[in-house]
1. Pairs only if they're at least six apart or on different chains, beta carbon under 6 angstrom, first in the range 186-199 and at pLDDT 85 or above, second part of a loop (DSSP other than H, G, I, E, B); list them, first residue then second.
2. Check off (1) in contact with a strand residue (DSSP E or B) (Cβ under 9 Å, 6 or more places away or on another chain); (2) surrounded by 14 or more Cβ atoms within 10 Å (Cβ to Cβ); (3) of a type outside the set (Lys, Arg) for residue 122 and give me the number that stays unchecked.
Amino acid sequence: MHVQPVILLVCIHLLWLGCSDKRTASDDNKKLSRVEIDSLSKVVFQKFSISGDEYKNDSNCLTFYCCRNYDTTTLIQIKKHEQTLSGVFYQILPTYHRFITDYADRNTRLLFFEGYSFTIDSTEWQSIINQAKLVLQEEINMNVLRVTDGNTYGLLYNGQIQRGRTGAGDVIFDRFDRFLKDSFLDEFIQARKPIMHKMAK
């Protein structure tokens, strides 16, 4: 018994649609995983005990880091809540480490860093995001020679990741870094005063 040509064509068409749907779903999954977090950012987060598996690159969280070899490495993360913004700021001082993988002890991966947490008014969010968007929309050519003592930058926000380094977008990243310091980070550092203990009588 011969299969009718029409039925055969319908079967082939259904098979093709099934394969096409699987390919599209697979491509979508790749896109989703790609924008969540990149491998370098995950490494930087882990140095500051921020789990890359738990971190979500969404519209309520902004993360900016600058890895400076032979200078202070910094990372700031700001999260938006209903009424406030909460943040945390970390830094690795060159007094103890020359770069982010220069461990005090390699066996235990001992890394000394310091930082502080803070809360700021939610009205600051829009100006922070506006400045971040200027960085995210920049077209940065990463095909430049890597400098041994150069800087590496990363900005993550709303499913987007912008990377840069010395000679590749460093000016706009430094401008964003300066904006954050002028807006509130420098003020918090100035407020850091040691607690004085009363002398025993």
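1. none
2. Residue 122 satisfies every listed condition except (2).
Rundown of residues vs (1) surrounded by 11 or more Cβ atoms within 10 Å (Cβ to Cβ); (2) more than 20 Å from residue 79 (Cβ to Cβ), yes/no style:
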{"position": "109", "(1), (2)": "yes, yes"}
{"position": "113", "(1), (2)": "yes, no"}
{"position": "135", "(1), (2)": "yes, no"}
{"position": "141", "(1), (2)": "no, yes"}
{"position": "155", "(1), (2)": "yes, no"}
{"position": "161", "(1), (2)": "yes, no"}
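The values are calculated or read from the model by the stated rules, or taken from the named source; none is laboratory data. Fair warning: this is a prediction, and the values are worked out from it, not measured in the lab. Every residue, glycine among them, receives a Cβ derived from its backbone with ideal geometry; neighbour counts consider all protein chains shown.
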